[in-house]
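The values are calculated or read from the model by the stated rules, or taken from the named source; none is laboratory data. Because the structure is predicted, anything quoted here is derived from the model rather than measured. Quick reminder, even Gly has a Cβ in these numbers, built from the backbone with ideal geometry, and neighbours come from all protein chains shown.
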Amino acid sequence: MIRIELQVDLHYDIDANGADFVFNIHAAQTACQHVTAENLLLNQPIPTYLHTDAATGTRYLRLRALPGPLQLSYTATVDLHHHFAEPAHLPEVPVCQLPAEVIGYIYPSRYCQSDRLLRLAAHEFGALWQGHGRVQAIMDWVRSRVSFTSNVSNSTTSAVDTLIERVGVCRDFAHLMIALCRALNIPARFATGTDFGADPALGPPDFHAYVEVYLGNRWYIFDASGTAIPMAFVRFGTGRDAADVAFATIFGGVRSQAPRIVTRAIEDPAQGWLRPVRCREALSTDAGLPRTVA
């Protein structure tokens, strides 16, 4: 088991009319991710509303901020229980056998225009064995063609934009990998967390985007940009792309500061808490789904 302690601090200056926010910074409560303790602090005396998406466990915090400074601090202790699998034993699942809740992740979405990448995906990956190895090849292809570069993309950058520009951050790597998977009828979804284990040369700790691909009967983790350690990914949200799980969606006049994020792994073998490491096995923090019988 992996135990992670995290803290997220956000700071905003709100204009005279106030502003509405929808945050996705709470660790998701799932069958394999247990939030053992958490706390939310706000400097403004305002009500908050927390909604949980029943399908994914994603939690959305909604509030209306008053004019002036808004400071938000979220802390949590999270236990991660991983399923390990031999990559060579993970096949793709035919569309006719996909569970109903997975079907939505084979369609194009706002940032993952898989319908525009059909010919490219078929040419590059169509002849490969249909399983984990093909998904790995897609991820390796994206990494070999896109350079990790900060401040070169924005909230409108899509998978096709990244393919053309060949630069981006974790969000852009994830969108391109997802789009290529979906172009081959492989369900893939966008997930958010923090970049535990990232090289400090890339900047201070930050939010992180990664990919989950449905193989066998589970969602398996792929770190498209390769910048962090997947075994330490605390899931905040999962969706079709970044539009579904932005860490902050803002309605109103707001000036924001860079987030401050602290993530620490607790290592205590006597308690069963292990140090997160990179591993060759396929990793999942999904409980698994039964296939549909064709």
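General observations
- When residues of segment 202-226 are limited to those that are part of a loop (DSSP other than H, G, I, E, B) and within 16 Å of Ile261 (Cα to Cα), the one modelled with the lowest pLDDT: Gly203
- Number of positions in segment 14-52 that are exposed (fewer than 15 other Cβ atoms within 10 Å of the Cβ), in contact (Cβ under 8 Å) with a residue 40 or more places away in the chain and either over 24 Å from Asp244 (Cα atoms) or polar (S, T, N, Q) (or both): 5
- Check on Leu6, of a type outside the set (Lys, Arg), in contact (Cβ under 8 Å) with a residue 12 or more places away in the chain, surrounded by fewer than 16 Cβ atoms within 10 Å (Cβ to Cβ) and in a strand (DSSP E or B): no
- If only residues of segment 117-145 that are touching a helix residue (DSSP H, G or I) at 6+ places or on another chain (Cβ under 6 Å) and in contact (Cβ under 8 Å) with a residue 60 or more places away in the chain are counted, the one that is surrounded by the fewest Cβ atoms within 10 Å (Cβ to Cβ) is Leu118.
- Looking only at segment 96-128, and only at residues there that are basic (Lys, Arg) and not in a loop (DSSP other than H, G, I, E, B), the one that is farthest from Ala188 (Cα to Cα): Arg119
- Positions within segment 267-291 being within 30 Å of Ala100 (Cβ to Cβ), out of contact with any Pro (no Cβ under 9 Å at 6 or more places or on another chain) and of a type outside the set (Asp, Glu), in sequence order: Ser284, Thr285, Ala287, Gly288
- Among the residues of segment 180-201, those identified as in a helix (DSSP H, G or I) and out of contact with any strand residue (DSSP E or B) (no Cβ under 8 Å at 6 or more places or on another chain) are Leu180, Ala183, Pro200, Ala201.
- Between Ala198, Ala224, the distinction of being touching a Phe, Trp or Tyr at 6+ places or on another chain (Cβ under 9 Å) and either over 21 Å from Leu274 (Cα atoms) or of a type outside the set (Asp, Glu) (or both) belongs to Ala224 only.
- Subset of segment 31-65 that is touching a Gly at 6+ places or on another chain (Cβ under 7 Å) and in a strand (DSSP E or B) - its residue that is farthest from Ala287 (Cα to Cα): Ala65
Listed here are the residues, each with its yes/no results for (1) within 12 Å of the chain's Cα centre (by Cα); (2) buried (at least 20 other Cβ atoms within 10 Å of the Cβ); (3) over 29 Å from Phe21 (Cα atoms).
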{"position": "Gly203", "(1), (2), (3)": "no, no, no"}
{"position": "Ala209", "(1), (2), (3)": "yes, yes, no"}
{"position": "Phe233", "(1), (2), (3)": "yes, yes, no"}
{"position": "Gly239", "(1), (2), (3)": "yes, yes, no"}
{"position": "Val245", "(1), (2), (3)": "yes, yes, no"}
{"position": "Thr249", "(1), (2), (3)": "no, no, no"}
{"position": "Val262", "(1), (2), (3)": "no, no, no"}
{"position": "Pro276", "(1), (2), (3)": "no, yes, yes"}
{"position": "Gly288", "(1), (2), (3)": "no, no, yes"}
